[in-house]
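Peer 1: First, the structure itself, so that you have it in front of you.
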Amino acid sequence: MGFPENFLWGGAVAANQCEGAYQEAGKGLCIQDVTPHGIVGPRTKEPTEDNMKLVGIDFYHRYKEDIKLFAEMGFKVFRTSIAWSRIFPNGDEEMPNEAGLKFYDDLFDECHKYGIEPLVTLSHYETPLHLAEEYDGWINPKMIGFYKNYVTCVFRRYKDKVKYWLTFNEINSILHEPFLSGGINTPKDKLSQTQLFQAVHHEFVASASAVKIGHAINPDFKIGCMVLSMPVYPLTPNPDDVIAVMEKDHMNMFFADVHVRGTYPGYVKRYFKEHDIELMITEEEREILKNTVDFVSFSYYMSICETADKSLGVQGKGNLLGGVRNPLLKESEWGWQIDPKGLRYVLNTFYDRYQKPLFIVENGLGAVDKLVTGNDGNPTVEDDYRIEYLRDHLLQVAEAVEDGVEVMGYTTWGCIDLVSASTAELKKRYGFIYVDRNDDGTGTLERYKKKSFYWYKKVIETNGESL
Ligand code: BGP
């Protein structure tokens, strides 16, 4: 049992959660810059000092040091995003901001210096604020044009530096977090289902357009979709629960289905009909959707249960999708239920359905870490819990490979500590590298290697043999 040769081992971050420098070199504000307390908290129009994302972990200034550490672990791939508002500060300009483009030139060069392949998310929960306020985000069809202008610009600029691209981070999360995921400024409770699915449709068209544009610029580009995966299990063997699972799953699979098959599936058409959802879809757009992705990527943190009988089961805190708690699983300190076998299940499900290469672009454990003094006298974290989490998941990836699933690579989420997307805290740490920064804004921003750093280095060195 083993991992394929050339397996892309690495780690993942997103610009808005690590870069900081939110106003530097001509950058415009993005929606995250005005979200002080995470997606569940209040929003303000002006950036506030208590928004951790404004400083992040200062990756913008320290990326050389960080990439050197990734290289020391042996990373083959590094997933990050381009902050759209560094390139087009308002999002609707014609001409890009050269200083923003230059930053990513330098960043990608630094990766290549160590033989690390960049994997770039084009839009990771960081829509330019102006597009949210002026156009109401992806509800507006004009967004397709702005996005096309942006992706054309970065595809051209980095055509020899970046090969792997993801069009939208966790595109299915728009149904649950329309502001964070879709830059939709209208409050969630005022949105109609038609508006929401129209926004989804605009993103589909934008994503398929990116595939078309990207392949025309460089036929070697590998462009994938990215979905939040969360297997759903029936809470009981009652067939009604099985059907409830199927329906919940449909709403999730719908997103990858359109990206891979290029058309709307029948079960969604039925859902639209039964919920009086009428979308504006042109013939031209139907044609564009046929530009399907080269691979499917996803995040995986947990599974959930579903039941038709709403009096049964307890709602879990969940990731963005919520769901009924599985009574058999343990959970993280944030209530995310830990289920390594669910990862094998997801990999098999996607592969059976699509027969496309798969890329696990997020997986990891958010935990409170305690800094101690290591044997060498340097600060470190004895994060055996993180090692156990990652090992258990990777063993299931190996099982899936044995099942015949084509897995391109694996990037752990938050390979260096960063600001949480859902809570905007830094105490929810995922990294192999500890960053000395606290939620009250104190800390030197120094980087320290955790125990898991050495563990992951060995895993990569042995291509998974040492697990
Ligand atoms: C995913 C997002 C990431 C990331 C991760 C962990 O939903 O794509 O941006 O942050 O989850 O979530 P959190 O930061 O809330 O712990």
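Bear in mind these aren't lab numbers, they're just calculated from the coordinates by the rules spelled out. From a predicted model like this one, the values you see are computed outputs, not experimental measurements. Here the Cβ is made from the backbone with ideal geometry for all residues, glycine too, and neighbour counts use every protein chain on show.
Peer 1: Could you give the semi-axes, largest first, of the ellipsoid that matches region 337-467, computed as the square roots of 5 times the alpha carbon gyration tensor eigenvalues and rounded to whole Å?
Peer 2: The equivalent ellipsoid of region 337-467 has semi-axes of 30, 17, 11 Å.
Peer 1: By the gyration tensor of its Cα atoms, with a ≥ b ≥ c the square roots of the eigenvalues, what is the shape of region 134-176: rounded for a/c under 1.5, prolate for a/b over b/c, or oblate?
Peer 2: Oblate, since a/c reaches 1.5 and b/c is not below a/b.
Peer 1: Let me know the charge dipole size of the chain about its Cα centre in debye, to the nearest 20, where only the beta-carbon of Lys, Arg (+1) and Asp, Glu (-1) is charged.
Peer 2: About 420 debye.
Peer 1: Which loop-located trypsin sites (Lys or Arg not before Pro) does region 217-291 contain, where loop means any DSSP state but H, G, I, E or B and the Cβ has at most 12 other Cβ atoms within 10 Å?
Peer 2: Qualifying residues, ordered by number: LYS290.
Peer 1: List the GluC sites (Glu not before Pro) within region 87-120 that fall in a DSSP loop (any state other than H, G, I, E or B) and whose Cβ has at most 11 other Cβ atoms within 10 Å.
Peer 2: GLU94
Peer 1: What pairs from LYS330/LYS457; LYS212/LYS290; LYS222/LYS356; LYS370/LYS450; LYS290/LYS356; LYS53/LYS163 go past 18 Å between their alpha carbons?
Peer 2: LYS330/LYS457; LYS53/LYS163
Peer 1: Distance check, please: which entries in LYS64/LYS427; LYS45/LYS248; LYS148/LYS458; LYS102/LYS451 exceed 31 angstrom between their Cα atoms?
Peer 2: Those over the limit are LYS45/LYS248; LYS148/LYS458; LYS102/LYS451.
Peer 1: If a/c stays under 1.5 just call it rounded; otherwise compare a/b with b/c (prolate if a/b is bigger, oblate if not). Do that for region 88-207, with a ≥ b ≥ c from the square roots of the Cα gyration tensor eigenvalues.
Peer 2: Prolate is the answer for region 88-207, as a/c is 1.5 or above and a/b outweighs b/c.
Peer 1: Rank CYS18, GLY342, VAL314 by how far each Cα sits towards the positive end of the charge dipole of the chain (+1 on Lys, Arg Cβ; -1 on Asp, Glu Cβ) and give me just the farthest.
Peer 2: GLY342
Peer 1: Let me ask something else. Among the trypsin sites (Lys or Arg not before Pro) in region 361-434, which ones are in a DSSP loop with at most 10 other Cβ atoms within 10 Å of the Cβ? Mind listing them?
Peer 2: Filter output for region 361-434: LYS370.
Peer 1: Now, a different point. Rounded to the nearest 5, what % of DSSP beta bridges with both residues in the chain are antiparallel?
Peer 2: Restricted to the chain, the bridges split so that about 25 percent are antiparallel.
Peer 1: Still on this model: If we count every other residue with Cβ under 12 angstrom of THR152's Cβ, Lys/Arg +1 and Asp/Glu -1, where does the sum land?
Peer 2: Summing Lys/Arg as +1 and Asp/Glu as -1 gives +4.
Peer 1: How fast does the chain diffuse by Stokes-Einstein, in µm²/s, taking the Kirkwood radius from C-alpha pairs at 4 °C and 1.567 mPa s?
Peer 2: After rounding, the answer is 58 µm²/s.
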